[in-house]
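Asker: One structure, pasted below without further comment.
The values are calculated or read from the model by the stated rules, or taken from the named source; none is laboratory data. Bear in mind the structure is a predicted one, so any value in this text is a computation, not a measurement. Quick reminder, even Gly has a Cβ in these numbers, built from the backbone with ideal geometry, and neighbours come from all protein chains shown. Calculation scope for accessible area: heavy atoms of the full protein, side chains included, ligands and nucleic acids excluded. Shrake-Rupley method; radii C 1.70, N 1.55, O 1.52, S 1.80 Å.
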Amino acid sequence: MKTRRDFLASSTALAAGLAQAAPPPAANDRIRIATIGFGGMGMGDTKYALTVPGVELAAVCDIYDGRRTRAREVYGDQVFTTRDYREVLARKDVDAVIVATPDHWHSTISIAAMEAGKDVYCEKPMVQAVAEGQAVIAAQEKTGRIFQVGSQYVTSLVYQKARDLIAAGAIGSVNLVEAWLDRNTAMGAWQYSIPPDASPGTVDWERFLGRAPKRPFEAIRLFRWRNYQDYGTGVAGDLFVHLLSGLHVATGSMGPERILATGGLRYWNDGRDVPDVMLAMLDYPKQKAHKEFTMALRVNLKSGVPQEQFGFRFMGSEGVITTSMSSLRLEKAAPEREPGYSVGTFAKATQEEFVRQYRSRYPEQKPAAKIEPEVFTPPQGYDAHRDHHRMFYEAVRARKRPVEDAVFGFRAAGPALLANVSCYEKRVCKWDAVAMTSSDS
């Protein structure tokens, strides 16, 4: 059996040999894609990709036989299927790949794909560990391939509207942002179904493990991989990263400088080793796009709500923007015309003199008129997921930097992953948002 070192060496050699194998598709040409990892996100990403005119599915890679069978059932026997992603990268009829594997494979496959001449749509988080981020960025720059991270909040019209309002000063200076994602179902807590035929015969277990610690076959660790630190990134990497992506679009920020997180396993005691409740506080320093502000993040996978609740509250000196995935509400208080006074503890004569001086400066006025809230919703039928894929393939055709490239993706992933470090190690972590480095990773 090949060692992990042998596997990486052969993968690197293959990528180097294939770097010129797939020239960029010309404008308006068809784009043939392959999906690597055909689980829930992989199937969903493939569906959205194929709504873009000219995009065709050439291949599917998955380590579980049943998912490759399902790919052929849905898309036809002409679709090439394999357990080995390197066979996908070797194909000259593949222009771009969707990387929808467990998180611990994201950077390895993304880098290999770019070096093999493929454009890459990689599911979030871009990397499993902070130490991997710079290598993905370097591969993007060296190869010139189009690389986009799959967090649809970056494309969402709601967060673009929030960006425009904040930039226009609609709420004054942002000083606090709250963001939350509450779930209350087994599926929302990643208790995904395990196929009854899952076995060492139908699953390439060694390939799934990759660089993760070696252990005997356990179907639950594959089909519910988000629940384990060996393969996933918990609520921070899976969900905080969405919230940070939306924040960075809305504020134009490069990222925070300090991260403090806490949480734990409060309900889903199903063998997982990641929290189901996590809260984080992030300090954003003054940057070109904004003054300093603080962000509060919350995820609760057993929150008692009747349906999933997601949102942001951008709180500024002159108003508040509240968002969901499908709406935005701007509320502004009437301007404060006078500061008021508290003189009850003063002697009576002093009170009277204070009020006299106060009213000479602030004459009495009628109360300011109430400002009605403004509500924005995207056009009917708009889907941020679909639009995110559309913009990726537009970038592929135009050979231009996409909306969520490796730099943007890492600036969202880095602080999210440091929230895990902070929570697990019970300490504050520091992040250099400009250099995208941390001594705490």
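Asker: Among the residues in region 389-405, are any surrounded by fewer than 18 Cβ atoms within 10 Å (Cβ to Cβ) and farther than 30 Å from Thr143 by Cβ?
Answerer: Checked against the condition, which is being surrounded by fewer than 18 Cβ atoms within 10 Å (Cβ to Cβ) and farther than 30 Å from Thr143 by Cβ, region 389-405 yields no hits at all.
Asker: Is it the case, given these coordinates, that Gly133 is buried (at least 17 other Cβ atoms within 10 Å of the Cβ), modelled with pLDDT of 95 or more and more than 30 Å from Pro196 (Cα to Cα)?
Answerer: yes
Asker: Another one. Quickly run through region 39-59 and pick out the residues that are open to solvent by 60 Å² or more (accessible area, probe 1.4 Å) and in a loop (DSSP other than H, G, I, E, B).
Answerer: As a first pass, look at region 39-59 and keep what is open to solvent by 60 Å² or more (accessible area, probe 1.4 Å): 40-41, 43, 47, 51, 53, 56.
Passing the criteria: Thr51, Pro53.
Asker: If you don't mind, another one. So which of Ala419, Ala395, Ala406 ends up being touching a strand residue (DSSP E or B) at 6+ places or on another chain (Cβ under 8 Å), among the small types (Gly, Ala, Ser) and farther than 16 Å from Thr155 by Cα?
Answerer: Numbers: Ala395 fails: farther than 16 Å from Thr155 by Cα; Ala406 fails: farther than 16 Å from Thr155 by Cα.
Among Ala419, Ala395, Ala406, only Ala419 is touching a strand residue (DSSP E or B) at 6+ places or on another chain (Cβ under 8 Å), among the small types (Gly, Ala, Ser) and farther than 16 Å from Thr155 by Cα.
Asker: I need the full set of residues from region 144-199 which are of a type in the set (Ser, Thr, Tyr) and farther than 30 Å from Pro379 by Cβ, in order please.
Answerer: Initial filter on region 144-199 (of a type in the set (Ser, Thr, Tyr)): 151, 153, 155-156, 159, 173, 185, 192-193, 199.
Those that are of a type in the set (Ser, Thr, Tyr) and farther than 30 Å from Pro379 by Cβ: Ser173, Tyr192, Ser193, Ser199.
Asker: Also, I was wondering about something else. All but one of (1) part of a helix (DSSP H, G or I); (2) touching a residue at least 24 places away in the same chain (Cβ under 8 Å); (3) among the charged types (D, E, K, R); (4) surrounded by fewer than 17 Cβ atoms within 10 Å (Cβ to Cβ) hold for Asp197; state the number of the condition that does not hold.
Answerer: (1)
Asker: Mind checking whether some residue in region 31-38 is surrounded by fewer than 22 Cβ atoms within 10 Å (Cβ to Cβ) and part of a strand (DSSP E or B)?
Answerer: Taking region 31-38 as the starting set, the residues that turn out to be surrounded by fewer than 22 Cβ atoms within 10 Å (Cβ to Cβ) are 31-32.
Add one more test, that the residue is part of a strand (DSSP E or B), and what stays is 31-32.
Yes, because at least one residue in region 31-38 is surrounded by fewer than 22 Cβ atoms within 10 Å (Cβ to Cβ) and part of a strand (DSSP E or B).
Asker: Within region 353-384, can you find the residues that are in a helix (DSSP H, G or I) and either farther than 29 Å from Gly319 by Cα or without any contact (Cβ under 8 Å) to a residue 24 or more places away in the chain (or both)? Quick ask: steps written out before the conclusion?
Answerer: Filtering region 353-384 for residues in a helix (DSSP H, G or I) gives 353-361, 384.
Of everything in region 353-384, those that are in a helix (DSSP H, G or I) and either farther than 29 Å from Gly319 by Cα or without any contact (Cβ under 8 Å) to a residue 24 or more places away in the chain (or both) turn out to be Glu353, Phe354, Val355, Arg356, Gln357, Tyr358, Arg359, Ser360, Arg361.
Asker: Also, I was wondering about something else. Any residue at all in region 165-176 that is in contact (Cβ under 8 Å) with a residue 40 or more places away in the chain, polar (S, T, N, Q) and surrounded by 24 or more Cβ atoms within 10 Å (Cβ to Cβ)? Let's see the steps before the verdict.
Answerer: Quick first cut of region 165-176, residues in contact (Cβ under 8 Å) with a residue 40 or more places away in the chain only: 165-167, 169-176.
Narrowing further to those that are polar (S, T, N, Q): 173, 175.
Those left that are additionally surrounded by 24 or more Cβ atoms within 10 Å (Cβ to Cβ): none.
The answer is no; no qualifying residue exists.
Asker: Suppose we filter region 72-109 for residues that are within 14 Å of Met41 (Cβ to Cβ) and either surrounded by fewer than 20 Cβ atoms within 10 Å (Cβ to Cβ) or without any contact (Cβ under 8 Å) to a residue 40 or more places away in the chain (or both); how many remain?
Answerer: Residues flagged as within 14 Å of Met41 (Cβ to Cβ) and either surrounded by fewer than 20 Cβ atoms within 10 Å (Cβ to Cβ) or without any contact (Cβ under 8 Å) to a residue 40 or more places away in the chain (or both) within region 72-109 amount to 1.
Asker: Considering every residue within region 328-351, establish whether at least one is of a type in the set (D, E, K, R), without any contact (Cβ under 8 Å) to a residue 12 or more places away in the chain and not in a loop (DSSP other than H, G, I, E, B).
Answerer: In the first step, residues of region 328-351 are kept if they are of a type in the set (D, E, K, R); the result is 329, 331-332, 336-338, 348.
Retained after the next criterion (residues that are without any contact (Cβ under 8 Å) to a residue 12 or more places away in the chain): 336, 348.
Applying the additional criterion that residues be not in a loop (DSSP other than H, G, I, E, B) yields 348.
Yes, that holds for at least one residue.
Asker: Right, here's the next one. Got a number for residues in region 412-439 being in a loop (DSSP other than H, G, I, E, B) and among the small types (Gly, Ala, Ser)? Please lay out each step first, then the result.
Answerer: Residues of region 412-439 that are in a loop (DSSP other than H, G, I, E, B), as a first pass: 426-428, 431, 433-436, 438-439.
From what is left, the residues that are among the small types (Gly, Ala, Ser) are 433, 435, 438-439.
Of the residues in region 412-439, 4 are in a loop (DSSP other than H, G, I, E, B) and among the small types (Gly, Ala, Ser).
Asker: Can I ask one more? Checking the conditions here, which among Tyr64, Tyr153 is touching a Ser or Thr at 6+ places or on another chain (Cβ under 8 Å), modelled with pLDDT under 95 and either of a type in the set (Ser, Thr, Tyr) or surrounded by fewer than 22 Cβ atoms within 10 Å (Cβ to Cβ) (or both)? It would help to see each step written out before you state the result.
Answerer: Numbers: Tyr64 fails: modelled with pLDDT under 95.
Going through Tyr64, Tyr153 in turn, the sole match is Tyr153.
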